[in-house]
Ligand SMILES: [Zn+2]
């Protein structure tokens, strides 16, 4: 079976070293396997997505030397033909399917209210038994059943205890990340997903949704959750750390070598031997 994977950046800030390492990791696995790579930009979060961040994605992929086989060729092509905002009907259709097969409920709780009731941040189930409150702005959450224990890339996730009833449709009438990402992966026939360890619980949520929708092909998808990169202060890299952005490296006139070497370490390749993409491809252990 041909490998199909995707690079899925979110244009909510400038890409950082960790994003670059993730893209490179995926690119290497797909190119080694002779697979198909799609670029998919997740721009549903209207408040945080900005045109300069979309431009940044294309610029940094070019700087890293990465190509892709499907998806937008540039910012203009993206906004005309590939934006997730053009797929709202499709997301709504899947939401309706989900409504028929799972228990969804309207939730009016604010983030603050949830934190006040639940110190661990898990949704405390406040609105679970209420009937729909018309008029009030609300999210739609899915009821996670107590026996929702999933195997995610050889680790067990108890979805109830680690995530709880999660949001599938946002207050601003758009699909939540878990739903949109799942629908896109299914529609794009993605069978290899490579993401950071921080998204392992999201993978569990998406597998749960897929099972509810009767789409068991996601359960056959290969998932790789790689370790995250940390900044010098020991914190997870974030898009607000401009100094660690790929743009800052590029503007300083550096080559992408630090990114190549970081991915080499992640793949247990000796970084001292790596100066280019070709070196990385040659050093990859066989499949
Ligand atoms: Zn609620």
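The values are calculated or read from the model by the stated rules, or taken from the named source; none is laboratory data. Model, not experiment: these values are computed from the prediction. No Cβ is skipped: glycine too gets one built from the backbone with ideal geometry, and neighbour counts run over all protein chains shown.
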Residue 153, sole failed condition from (1) within 16 Å of the ligand (Cβ to nearest atom); (2) over 20 Å from residue 49 (Cβ atoms): (1)
Failed item, numbered, when residue 144 is tested on (1) without any contact (Cβ under 8 Å) to a residue 24 or more places away in the chain; (2) within 22 Å of residue 214 (Cβ to Cβ); (3) part of a loop (DSSP other than H, G, I, E, B): (1)
The stretch 181-208: number of residues that are surrounded by fewer than 22 Cβ atoms within 10 Å (Cβ to Cβ) and assigned to a helix (DSSP H, G or I): 9
Filter pass, residue 161 being modelled with pLDDT of 90 or more, within 16 Å of the ligand (Cβ to nearest atom) and not in a loop (DSSP other than H, G, I, E, B): no
Identity of the residue in the stretch 66-108, surrounded by 17 or more Cβ atoms within 10 Å (Cβ to Cβ) and over 22 Å from the mean Cα position of the chain (by Cα), that ends up nearest to residue 211 (Cα to Cα): 102
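Determine whether residue 103 is in contact with a strand residue (DSSP E or B) (Cβ under 8 Å, 6 or more places away or on another chain) and away from the ligand (no atom under 12 Å from the Cβ).
Values: in contact with a strand residue (DSSP E or B) (Cβ under 8 Å, 6 or more places away or on another chain): yes; away from the ligand (no atom under 12 Å from the Cβ): yes.
For residue 103, the condition - in contact with a strand residue (DSSP E or B) (Cβ under 8 Å, 6 or more places away or on another chain) and away from the ligand (no atom under 12 Å from the Cβ) - is met.
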